[in-house]
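Here the structure is laid out as structure tokens; the discussion comes afterwards.
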Amino acid sequence: MASSKEYLNFILEQLSELEEITYRAMMGEFIIYYRGKIVGGIYDDRLLVKPIQSAISYMPKASYAIPYKGAKEMLFVEEVDNKEFLTGLFNTMYDELPLPKPKKKK
């Protein structure tokens, strides 16, 4: 099941206090970037983030979910209605997120 543009817009609005939130559509889902780093994505109208230590510490009771068949588990963010919580989560995760891999030249 693909994610809706309405859910994407809702999440983007919840993250509107952060600068440089971007997204990329991919196979009916959306990858979410914060200041150029991949934080997670929207899969089946669920916000999932990378299971890095800072995110696990910030959401110790979070459940894991698989974004799509064959993918690695990610953390399911339930508190999407709480703008302050989401902003804090993304800020907490930023330093630990890996830099994007350089694109190969054709």
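The numbers here are math on the coordinates, done by the rules we state, and not lab data. Note that the coordinates shown come from a computational prediction; the quantities given were computed from them, not determined experimentally. Methodologically, a virtual Cβ is constructed for each residue, glycine included, from the backbone with ideal geometry; neighbour enumeration extends over all protein chains shown.
Listing for the model above:
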{"read-out": "Helical mean residue ellipticity (222 nm; -39500 (n - 2.57) per DSSP H run of 4+; nearest 500) of the chain", "value": "-7500 deg cm²/dmol"}
{"read-out": "Under-5 Å amide H pairs with ALA2, H placed in peptide plane, nonlocal only", "value": "none"}
{"read-out": "Summed residue charge, Cβ within 13 Å of ASN91's Cβ, Lys/Arg positive, Asp/Glu negative", "value": "-3"}
{"read-out": "Lysine pairs meeting the criterion (Cα under 17 Å, 8 or more apart or interchain), as found in the range 5-94", "value": "4"}
{"read-out": "Cβ-based net charge around ALA71, under 14 Å, with every Lys or Arg adding one and every Asp or Glu removing one", "value": "+1"}
{"read-out": "Dipole magnitude (debye, nearest 20) for the chain, charges at Cβ of Lys, Arg, Asp, Glu", "value": "940"}
{"read-out": "The chain: relative contact order as a whole-number percent, Cα under 8 Å and 6+ apart", "value": "25"}
{"read-out": "Space enclosed by the convex hull of the alpha-carbon atoms of the chain, per residue, Å³", "value": "112"}
